1. Among (1) in a loop (DSSP other than H, G, I, E, B); (2) modelled with pLDDT under 95; (3) not charged (D, E, K, R), which single condition is Ile15 missing?
2. Keeping to region 33-44, report how many residues are out of contact with any helix residue (DSSP H, G or I) (no Cβ under 6 Å at 6 or more places or on another chain) and surrounded by 16 or more Cβ atoms within 10 Å (Cβ to Cβ).
3. Within region 15-65, restricting attention to residues that are in contact (Cβ under 8 Å) with a residue 24 or more places away in the chain and among the hydroxyl-bearing types (Ser, Thr, Tyr), which residue is farthest from Val1 (Cα to Cα)?
4. Out of Glu46, Glu23, Glu14, report the one residue that is under 11 Å from the mean Cα position of the chain (by Cα) and of a type in the set (Asp, Glu).
5. Give the residue, chosen from Glu29, Glu23, Glu7, that is part of a helix (DSSP H, G or I) and either under 21 Å from Leu77 (Cα atoms) or among the hydrophobic types (A, V, I, L, M, F, W, C) (or both).
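The values are calculated or read from the model by the stated rules, or taken from the named source; none is laboratory data. Source: prediction; values computed, not measured. Don't worry about glycine lacking a Cβ; one is built from the backbone with ideal geometry, like all the others, and counts go over all protein chains shown.
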Amino acid sequence: VRLHTDEGLTGVGEITHPYRPRETCALTEAMGHRHLVGADPFDTEEIWLRMYQGDFLRGGDVGGIVVSGVDQALHDLMGKA
């Protein structure tokens, strides 16, 4: 997953599921719209908490994979700032 900020920074994280690629892509997009647009990318704890409370448990194993990949991308983005 690639996360882009208004300031031009990009963070990259790995999201993959061997058996449910379509569901993984769809949930990644949906979670991005719900939890990342307009959020402060440096407030990783708040973003993680919102993703966990909102989608992690509903998404099953795919939810955990998406949360992990987004968290990687946020930390990559912070390292580039």
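1. All conditions pass for Ile15, except number (2).
2. Selection size over region 33-44: 1.
3. Ranking the qualifying residues of region 15-65, first place goes to Thr44.
4. One residue alone meets the criteria, Glu14.
5. Details: Glu23 fails: either under 21 Å from Leu77 (Cα atoms) or among the hydrophobic types (A, V, I, L, M, F, W, C) (or both); Glu7 fails: part of a helix (DSSP H, G or I).
Only one candidate passes the filter, namely Glu29.
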